[in-house]
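Visitor: Got a structure for you, questions after.
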Amino acid sequence: MVSSTQVNFNLQALLEQLSQDELSKFKSLLRTVSLGNEAQKIPQKEVDEADGKQLAEILISHCHSYWTELATIQVFEKMHRMDLSERAKDELRVLRCDVSRKNGTVADLKELLCCLYESQEDELVKEVMAQFKEIALHLNAVDIAPSSFCVKHCRNLQKMSLQVIKETLPENVTASESNAEAERFQDDQDMLPFWTDLCSIFGSNKDLMGLEINNSFLSASLVKILCEQIASDNCHLQRVVFKNISPADAHRNLCLALRGHKTVTHLTLQGNDQKDMLPALCEVLRHPECNLQYLGLVSCSATTQQWADLSLALEANQSLMCVNLSDNELLDEGAKLLYTTLRHPKCFLQRLSLENCHLTEANCKDLAAVLVVSRELTHLCLAKNSLKDTGVKFLCEGLSYPECKLQALVLWNCDITSDGCCSLAKLLQEKSSLSCLDLGLNHIGVTGMKVLCEALSKPLCNLRCLWLWGCSIPPFSCEDLCSALSCNQSLITLDLGQNPLGSSGVKMLFKTLTRPNGTLQTLRLKIDDFNDELHKLLEEIEENNPQLIIDTEKHDPLKKRPSSHDFMI
């Protein structure tokens, strides 16, 4: 029998480092390795008589390369030859990078699946996982990071696993047993032992904190396995993400597994196929031992009654601090129910995202009332809603009250013009709690920029972060901006990306920033022509204001803006 691939470290050189007594001990311990039946393939008489070079040849020719690698490392560690164990691991790490660069093959993945299927010890499974990741990630099937586990496109990987299992049934299994075993995996609705091994990591690995299942078809067997592991007392998961999974009741069953789960603090549910999911989620939120701090409920189709039930559950929950309801069609009735919850004195929500929820300027009037009475709400994202200038005016009325505690407001792509900027500028000139403002992708133009700069120049303005990405700001607006930056003592982040500032506008900004004692720490802007003069000014800025980081977008003008939504995480 010939191995399918060469061992990924110099086995001969490692074995030749052993003394005669150590080599004998290595051979003896090799029989004790608990990695399936692979050791039975080794001709024992040849092994007993072999020197280091011959033993390496025997192992390579008779056993799977991954088995040989893991068995060798395990035996070295049992012999307390940690120097040889670490040397082997170091060589494997280098070659894993090579596998990643070569993208791996389905054959490589199959061999790893075989090894995973046969592995019985947690430590050995972890070791294989590191190699499995490099290949499976390229095949867009599974991603295993040090603290998280991501499953994508389960059905494709199940079919691949099915073929592997069929090809690796033990040789001593009778025909009837073999047929029965193969039949057990015939339907991709049934779960493979591979998934059982993989999911068992949730209970055995204390370092595994995250689980993501993305765009996957989950059979009933897999849902059952996942639920058992998630509900296990040993499970230490903190972040759980379910995106676009099928069948419909998978969301519900996985939610129910989280009832009373003390460690899970972050839960994200995304996708339209969520029949009966919201009632299960409400059970999770109402459970007295629920410890959820972040809830993401994205692209969920729900009835008015279901939104009402969710609002009551949010009101009863005592742990949630952050809720993301992006891409949901709340409509007027759903929005009003949510606002009622936010006004409740026992509501502890601090961060709320209503991005792309079909809100209008009329909704802003009710929301403004919430901002006045809410005791905890500090971060609000209303991106991708057509609020317009009237909606911004309503919001500013609520923000102007001294009782309002809102610190961050995202109005990205909300159809705001210079009139809306005038309302915001008036607010910023007064003593307001607002310190972070995102106006990206709104056509504020010259007038809008001018009034904002005037507000930045005022001593009571405490704005620290301002995003103006893609706001149609022309070169001659930079004069107003330079004047504002010269006297402002609070702004630390300014995003001017994707604005046609031109070389003249950038030159004005750079000249202003060459003066020391500024508070700005991060500046983003687009440069079409990065000439020698600008390069020299940039060097001067680096010398006089070393705390300032400038992203010039000179390498990738279409690069996406840095997200102001990070505060939702």
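The values are calculated or read from the model by the stated rules, or taken from the named source; none is laboratory data. None of the values given here were measured: they were computed from a predicted structure. Neighbour counts are summed over all protein chains in view; Cβ atoms, including those assigned to glycine, are modelled from backbone coordinates with ideal geometry. Heavy atoms of the whole protein, side chains included, go into the accessibility calculation; ligands, DNA and RNA do not. Shrake-Rupley method; radii C 1.70, N 1.55, O 1.52, S 1.80 Å.
Visitor: State which residue is modelled with the lowest pLDDT when the search covers only the range 30-55 and only residues that are part of a helix (DSSP H, G or I) and crowded, with 16+ Cβ neighbours inside 10 Å. Step through it out loud before you land on a result.
Guide: Just the residues of the range 30-55 that are part of a helix (DSSP H, G or I), to begin with: 30, 38-41, 44-49, 52-55.
Applying the additional criterion that residues be crowded, with 16+ Cβ neighbours inside 10 Å yields 30, 38-39, 47, 52, 55.
Details: LEU30: 85, GLU38: 63, ALA39: 68, VAL47: 89, GLY52: 91, LEU55: 91.
Ranking the candidates gives GLU38 first.
Visitor: Let me ask something additional. Taking the condition of being open to solvent by less than 30 Å² (accessible area, probe 1.4 Å), in contact with a helix residue (DSSP H, G or I) (Cβ under 6 Å, 6 or more places away or on another chain) and farther than 12 Å from CYS396 by Cα, how many residues in the range 419-444 meet it?
Guide: Residues that pass the stated criteria total 2.
Visitor: While we're here: How do the pairs read when you match residues in the range 225-247 that are over 21 Å from ASP276 (Cβ atoms) with residues anywhere that are among the acidic types (Asp, Glu), using Cβ under 9 Å and keeping only pairs 6 or more apart or on different chains?
Guide: HIS236/ASP207; ARG239/GLU212
Visitor: Right, something else. Of the residues in the range 411-433, how many are under 17 Å from ILE492 (Cα atoms) and under 28 Å from the mean Cα position of the chain (by Cα)?
Guide: Matching residues across the range 411-433 total 0.
Visitor: Then there is this: Tell me whether the range 239-259 contains one or more residues that are under 20 Å from the mean Cα position of the chain (by Cα), among the aliphatic types (A, V, I, L, M), crowded, with 22+ Cβ neighbours inside 10 Å and more than 21 Å from GLU289 (Cα to Cα).
Guide: The answer is yes, given that some residue of the range 239-259 is under 20 Å from the mean Cα position of the chain (by Cα), among the aliphatic types (A, V, I, L, M), crowded, with 22+ Cβ neighbours inside 10 Å and more than 21 Å from GLU289 (Cα to Cα).
Visitor: Within the range 528-564, work out how many residues are modelled with pLDDT under 55 and either loosely packed, with under 11 Cβ neighbours inside 10 Å or closer than 30 Å to ARG351 by Cα (or both).
Guide: Taking the range 528-564 and keeping what is modelled with pLDDT under 55, we get 554-564.
Filter once more, keeping what is either loosely packed, with under 11 Cβ neighbours inside 10 Å or closer than 30 Å to ARG351 by Cα (or both): 555-556, 558-564.
Looking only at that region, the number is 9.
Visitor: Do we find that GLY502 is farther than 22 Å from LEU406 by Cβ, small (Gly, Ala, Ser) and crowded, with 19+ Cβ neighbours inside 10 Å in this structure?
Guide: Details: farther than 22 Å from LEU406 by Cβ: yes; small (Gly, Ala, Ser): yes; crowded, with 19+ Cβ neighbours inside 10 Å: no.
Judged against the criteria, GLY502 is not a match.
Visitor: So which residues in the range 461-479 are farther than 17 Å from LEU525 by Cα and open to solvent by 40 Å² or more (accessible area, probe 1.4 Å)?
Guide: Looking only at the range 461-479, we keep the residues that are farther than 17 Å from LEU525 by Cα, and these are 461-464.
ASN462, ARG464, listed by residue number.
Visitor: If I filter the range 449-460 for residues that are over 20 Å from GLU397 (Cβ atoms), open to solvent by less than 40 Å² (accessible area, probe 1.4 Å) and touching a strand residue (DSSP E or B) at 6+ places or on another chain (Cβ under 6 Å), do I get at least one hit?
Guide: The answer is no, given that none of the residues of the range 449-460 is over 20 Å from GLU397 (Cβ atoms), open to solvent by less than 40 Å² (accessible area, probe 1.4 Å) and touching a strand residue (DSSP E or B) at 6+ places or on another chain (Cβ under 6 Å).
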